[in-house]
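Let me begin by presenting the structure, written as structure tokens, before commenting on it.
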Amino acid sequence: MKVGTDAVLLGAWMPVPENCKTVLDIGSGCGVISLMLAQRTDAKIIGVDIDEKSVKEAQRNAEISPWKDDVQFIHENIVDFAQKTTQKFDMIVSNPPFFENSLKSPEISKNISKHNVTLSLNELIDAVEIFLSENGRFGVILPIEAAEKVEKLAISKHLYATKKLHIYPTPSKKKNRIILVFERKKSICEEENLIIRDKEYTDGYLDLVKKYLLTACCLLLMSCTGKLSTGDLIFVASENSEFEKSIVEVTKSDDKILNFTHVGIINVTDTGIFVVEAVPQKGVVYSSIQEFENENKNGVLYVASFKPEYQKYTTGALSRACSHLGKGYDYAFDFENDLYYCSELIYDAYAYTSNNPHFFETPNMTFKKEGTDEILPYWHNYFEQLNIPVPEGKPGINPTALSRSDKLRITNYELRIKL
């Protein structure tokens, strides 16, 4: 089941109540909202969904995330679930894309996802009235017409809108979604506007979602649309350290959304998922996906798979990369030594296996500030400390240039997030 913008927005924007200990996700789908909220809170989270396939997918996603002990997914109609528990929840969320009068799909699972054939808006509000704690909050994202209906139904249950986020696809289009937050106590309703795109993703949208799409959540998004495979490349977009910021400054692409600072090669085995990578202070190492997540927890991950005609090289490239395990990190970015930086490791693995030194193009490196002939001060000091000249104009490869290869296909292209 595809993860949409609605789920990501609700998971990122939903205001968490103080001392939130329990969360209920009604219609949890593949689990993205639950896992985003697990990232943001210390609460125990239960996701309930009527679609068995979605629940199994959510359970698999939870299992590969750092929050598997904090989330639980249950295959149940929320009405039946309400008859089996007396538990109250400090926060309830729901992403029910109701289109009550639209044409139903002949496929049952699509009807369940896209229409209210198994849960009406009345039943949703009835469930919230039962489950919401005295000081709890209920957040829901809906199309405009459904949102107006929900607000009226909520008032009849003494639930009052206290926050609203009006969502506009572009500056020139009408709003098409609202996130509403309800509480049991009346207060002045705070209202905000959010525009998703103005030719590119807006800063407001990026600033909202980038805080909460940690590595595991991004892997979740990818797992909902495609599985990881041995030989895939895993990229990190991050500008948290001066080193990372300075890499982006001299390697940035024309597309400002997509600038990478690190890359590794994936190995999927019977015992887990691993990444072969070259890391400062450690050199070439074999990391579990959990270790990779923790090391890059302030970044966002993207996966690139090779197009079918290049898949024949992936196993050999992984073996070649593994042959360098234990070798040091190449601080000098020098192709001639026997040390490796992250993208150099990938370049070497595929050049060796394909017997083609031009498998990936190697543009001449530059360390100059954009639009000037001046070496960026950070890089001037960096190479001065190494007691070597700045390798301006020498052949090299960086993660962003690597990602632009026509041999690769980036997973979840439309969900790329700038850090």
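The values are calculated or read from the model by the stated rules, or taken from the named source; none is laboratory data. Small disclaimer: the values here were computed from a predicted structure and weren't measured. Cβ sites come from the backbone with ideal geometry, for glycine too, and all protein chains shown count toward neighbours.
Residue-by-condition table, conditions (1) assigned by TED's automatic domain parsing to the domain that holds E344; (2) assigned to a loop (DSSP other than H, G, I, E, B); (3) modelled with pLDDT under 80:
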residue: A216; (1), (2), (3): no, no, yes
residue: L220; (1), (2), (3): no, no, yes
residue: V236; (1), (2), (3): yes, no, no
residue: K256; (1), (2), (3): yes, yes, yes
residue: V263; (1), (2), (3): yes, no, no
residue: N267; (1), (2), (3): yes, no, no
residue: I273; (1), (2), (3): yes, no, no
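Report, by residue number, each residue of segment 141-172 that is among the hydrophobic types (A, V, I, L, M, F, W, C) and in a loop (DSSP other than H, G, I, E, B).
L159
Give the residues of segment 348-374 that are among the aromatic types (F, W, Y) and over 20 Å from A278 (Cα atoms), sorted by residue number.
F367
It is to be established whether one or more residues within segment 299-308 are touching a Gly at 6+ places or on another chain (Cβ under 7 Å), outside any helix (DSSP H, G or I) and basic (K, R).
No, there is no match, as no residue in segment 299-308 is touching a Gly at 6+ places or on another chain (Cβ under 7 Å), outside any helix (DSSP H, G or I) and basic (K, R).
Go through segment 44-90 and count every residue that is within 20 Å of I289 (Cβ to Cβ) and surrounded by fewer than 17 Cβ atoms within 10 Å (Cβ to Cβ).
4
In segment 178-205, how many are modelled with pLDDT of 95 or more, exposed (fewer than 12 other Cβ atoms within 10 Å of the Cβ) and under 20 Å from the mean Cα position of the chain (by Cα)?
Total satisfying the criteria: 0.
From S343, S323, S405, grab the single residue that is more than 30 Å from I196 (Cα to Cα), small (G, A, S) and out of contact with any strand residue (DSSP E or B) (no Cβ under 6 Å at 6 or more places or on another chain).
The conditions single out S323.
Residue by residue through segment 45-67, note down the ones that are in contact (Cβ under 8 Å) with a residue 40 or more places away in the chain and assigned to a helix (DSSP H, G or I).
Passing the criteria: K53, S54, E57, R60, N61.
Quick test for you: out of T400, T372, pick the one residue that is surrounded by 19 or more Cβ atoms within 10 Å (Cβ to Cβ) and at pLDDT below 90.
T400
Can you say whether S405 is in the same structural domain as F243 (by TED's automatic domain parsing), touching a residue at least 40 places away in the same chain (Cβ under 8 Å) and part of a helix (DSSP H, G or I), as far as the supplied structure shows?
No, not satisfied.
So that you can scan it fast, the table gives a plain yes or no per residue for (1) in a loop (DSSP other than H, G, I, E, B); (2) under 28 Å from D232 (Cβ atoms); (3) not polar (S, T, N, Q):
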position	(1), (2), (3)
Q290	no, yes, no
Q311	no, yes, no
R320	no, yes, yes
L325	yes, yes, yes
Y350	no, yes, yes
T353	no, yes, no
N356	yes, yes, no
F360	yes, yes, yes
F383	no, no, yes
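Based on this model, can you work out whether L165 counts as over 27 Å from T85 (Cβ atoms), within 30 Å of the chain's Cα centre (by Cα) and either modelled with pLDDT of 95 or more or among the charged types (D, E, K, R) (or both)?
Spelling it out, L165 is indeed over 27 Å from T85 (Cβ atoms), within 30 Å of the chain's Cα centre (by Cα) and either modelled with pLDDT of 95 or more or among the charged types (D, E, K, R) (or both).
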